[in-house]
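The values are calculated or read from the model by the stated rules, or taken from the named source; none is laboratory data. What you are looking at is a predicted structure, and each value in this text was computed from that prediction instead of being measured. For neighbour counting, all protein chains shown are included, and Cβ atoms are generated from backbone atoms with ideal geometry for every residue, glycine included. All accessible areas refer to the heavy atoms of the entire protein, side chains included, with ligands and DNA or RNA removed. Shrake-Rupley method; radii C 1.70, N 1.55, O 1.52, S 1.80 Å.
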Amino acid sequence: MSEYKGAVVTGSSRGIGAVTAQLLAEQGIGVVVNYRAKAPRANKIVAAIQEKGGQAVAVGADLTTVEGPQALVDAAVENFGSLDVVVLNASGGMETSMGENYALRLNRDAQVAMLQAALPKLREGGRVVFVTSHQAHFINEVSTMDAYDAVAKSKRAGEDALREMIPQLSEKNITFVVVSGDMIEGTITATLLNRMEPGAIEARREQAGKLYSVEEFGAEVAKMVFADVPTGHTELVGGAEDFLEQSGK
């Protein structure tokens, strides 16, 4: 069982975040399951965790608001006694209804705000995991599909901004790890992308040989919460070879 007691997993009412939350709970960590609008879905994840004897609480919080990040931090401390792990999984920007610059506000500004809110409460020796995609991680060297370009650039901006906080984290012996994956089958992003550029997912699947499922990638994210890696480490999950070739890395 883990020595960590409390975790916040952003955007964890479905998909990769939900899988990650459930796997962390199985390790004995109390998990704050975060949702923006869909409470029933989050409550379902919490119920599934509790049925297996785990601890979890659902907290509605929009990370792009001033009070959102703090609500998640407070929930972890109040319910589980400490905050040891933050998994920055929530992302988006493909939605057309959320206003201009939403991708940047969510994928960069809200990520930084979440970590800034967490930092005073994060226990020494804790870990922060940022979840991204190869399309975003390598965007400065390898171009992506037009429909995903703005989102990819905003996620890379978020990663860069978070990496700049590593010295602050290191003062408390908190490690920062990036988990980057290829397009993931069945995620909202993949579905929206395929709608905007029909055949995009199939083409990527052929190129990569295989695309990870939500369950498979969630397991990799959870694994990196405990992995013995140095701060600043990037874990490339599946299909990164062609990105590395094209970027000359």
| task | Please report, as a whole percent, how much of the solvent-accessible surface of segment 171-249 comes from carbon and sulfur atoms (probe radius 1.4 Å). | result | 50 percent
| query | If Lys and Arg each add +1 and Asp and Glu each add -1, what is the summed charge of the other residues whose beta carbon sits under 14 Å from the beta carbon of Gly99? | reply | -3
| request: State the Cα centre-to-centre distance between segment 10-38 and segment 196-241 in whole Å. | output: 18 Å
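Taking a ≥ b ≥ c as the square roots of the Cα gyration tensor eigenvalues, with a/c under 1.5 meaning rounded and otherwise prolate when a/b beats b/c, else oblate, which class fits segment 109-249?
Working: a/c = 1.97, a/b = 1.80, b/c = 1.09.
The shape class here is prolate.
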| task | Leaving ligands, DNA and RNA out of it, work out the accessible area of Tyr212 with a 1.4 Å probe and give it in Å² to the nearest 10. | result | 60 Å²
| message | Using only the alpha-carbon atoms, what does segment 183-224 span along each of its principal axes? Please give whole angstrom values in decreasing order. | response | 33, 21, 12
| task | Between Asp74 and Ala150, take the C-beta separation as r, use R0 = 41 Å, and let me know the FRET efficiency to the nearest 0.05. | result | 0.80
| task | Sticking to Cα atoms, compute the Rg of segment 171-249 to one decimal and its Dmax as the biggest Cα-Cα distance, whole number, in Å. | result | 14.6, 47
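Can you tell me how much longer the chain between Ser82 and His233 gets when fully stretched, taken as 0.36 nm per residue apart minus their C-alpha distance, in nm with one decimal? Please report the intermediate quantities before stating the final value.
Working: separation 151, 0.36 × 151 = 54.36 nm, distance 2.45 nm.
Using 0.36 nm per residue and subtracting the Cα-Cα distance, I get 51.9 nm.
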| note | Pseudo-spin-label distance Ala37 to Glu164, built 7 Å along Cα→Cβ, given in nm, is 3.1 nm
| field | Heavy-atom surface of segment 142-249, accessible at 1.4 Å and reported per residue (Å²) | value | 48 Å²
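Tell me, what is the per residue accessible area of segment 35-130 in Å², probe radius 1.4 Å? Could the numbers behind the result be given before it?
Numbers: 4470 Å² over 96 residues.
I get 47 Å² per residue for this part.
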| remark: Taking only C-alpha positions in segment 1-141, Rg and Dmax in angstrom work out to 14.5, 45
| note | Excluding residues fewer than 8 positions from Lys223 in its own chain, the aspartates and glutamates with Cα under 14 Å of it are Glu26, Glu215, Glu235
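Nothing charged except the Cβ atoms of Lys and Arg (+1) and of Asp and Glu (-1): what's the magnitude of the dipole of the chain about its Cα centre? Round to the nearest 20 debye.
Numbers: 23 positive and 32 negative charges, 116 e Å.
Approximately 560 debye in magnitude.
Would you work out what percent of the accessible area of segment 72-120, with all protein chains in place, is carbon or sulfur (probe 1.4 Å)?
Values: 840 of 1900 Å².
It is 44 percent, rounded to a whole number.
Sequence gap at least 6, Cα distance under 8 Å: using those rules, report the relative contact order of the chain to the nearest whole percent. Numbers along the way, then the final one.
On the way: 501 pairs, mean separation 46.9, N = 249.
Computed value for the chain: 19 percent relative contact order.
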| How large is the helix-only mean residue ellipticity at 222 nm for the chain, computed as the sum of -39500 (n - 2.57) over DSSP H runs with n ≥ 4, divided by its residue count, in deg cm²/dmol to the nearest 500? | -13000 deg cm²/dmol
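Sort 48-56, 183-191, 197-205 by packing, meaning the average of other beta carbons within 10 Å per residue, with the highest value first.
Numbers: 48-56: 16.0, 183-191: 18.7, 197-205: 14.3.
Final packing ranking: 183-191, 48-56, 197-205.
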| task | Work out the length of the dipole vector of segment 94-188 about its Cα centre, built from +1 on the beta-carbon of each Lys and Arg and -1 on the beta-carbon of each Asp and Glu, and round it to the nearest 20 debye. | result | 460 debye
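Could you work out Rg/(2.2 N^0.38 Å) for the chain, with Rg from alpha carbons only?
It is 0.95.
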